[in-house]
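Student: Dumping the structure here so I can ask a few things about it.
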Amino acid sequence: MDMGESTMVVGIPREAIASVRVSFQKEQGTKTASSSPPKADDGSGQSKAEAALGSTSLQELKEELKRELREEMGVEKKQEEKIIIAATTGRVEGRITRGGNPLPGCKVKIVLMVKRGGALFGKFTAKSDAPEFEAETDRDGKYVFQDIPEGDYKLFWRPPGEDSWIRRMKMDPDVLVQAGKTCTPKAVDTGRATVN
């Protein structure tokens, strides 16, 4: 904290600030609430406020300050949101091939799985109300999912020209997404026997 003759500056960490309100005090002796600053006689014919503001009115200065504060707080909020997302989500990247060659244009999706029953004899099933995440393979047969919430996922694919989704025979999860990490599931070769 700094103290001046007529001012006091208090340092508050930004993360502790929920909102900011700025007010401007009128100089003593003003008669109106106009946005023009009052004149103070300094012998030059120009008030101190006018000299400080130039041609900018007090109202314009207030609006500019509000705009800057909103922008600053908005940028920080977006950065905080990115940090939160990165701390609770992961990334999935894999490859789809046909006979060992890349398969471009193949649709890929992952579905969140839950284990029902006991720890030893429980079975995994697709969670009915969970969102599905879809992607498509590039010319190298690669697919990428970003910002995926943590959990166990089943991988499905649909090659170009196919009408139904295909999966590996076991219903166990193919993908384990962990926060801040990249999961690379076993590559899929569409020439092998699967379930659709």
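Every number here is computed from the coordinates shown, using simple stated rules; none is lab data. Since the structure is predicted, the reported quantities are computational estimates derived from the model, not experimental observations. Using ideal geometry, Cβ is built from the backbone for each residue, glycine included, and neighbour counts are taken over all protein chains shown.
Student: Filter the GluC sites (Glu not before Pro) in segment 136-196 down to the DSSP loop ones having no more than 13 other Cβ atoms within 10 Å, then list what survives. Let's see the in-between values first.
Tutor: On the way: sites: GLU136, GLU150, GLU162; in loops: GLU150, GLU162.
Loop-located and lightly packed - GLU162.
Student: Which peptide among 104-117, 166-179 comes first, and what is the full order, when sorted by highest mean count of other Cβ atoms within 10 Å?
Tutor: Ranked by mean Cβ neighbours within 10 Å, highest first: 104-117, 166-179.
Student: Continuing with this model, one more query. Find how much the distance from LEU176 to LYS115 grows on full extension, using 0.36 nm per residue of separation minus their present alpha carbon separation; answer in nm with one decimal.
Tutor: Net length gain for the segment: 20.6 nm.
Student: Right, something else. Quick one: go through segment 88-107 and flag any residue whose amide nitrogen is under 14 Å from the point 7 Å out along the Cα-to-Cβ line of GLU150.
Tutor: Residues 88-91 fall inside that zone.
Student: Among the lysines in segment 90-189, how many pairs, 8 or more places apart or on different chains, have alpha carbons under 17 Å apart?
Tutor: Lysine pair count for segment 90-189: 20.
Student: Do any chymotrypsin sites (Phe, Trp or Tyr not before Pro) in segment 112-161 lie in a loop, going by DSSP, with at most 10 other beta-carbon atoms within 10 Å of their beta carbon, and if so which?
Tutor: Within segment 112-161, the qualifying chymotrypsin sites (Phe, Trp or Tyr not before Pro) (loop, at most 10 other Cβ atoms within 10 Å) are PHE121.
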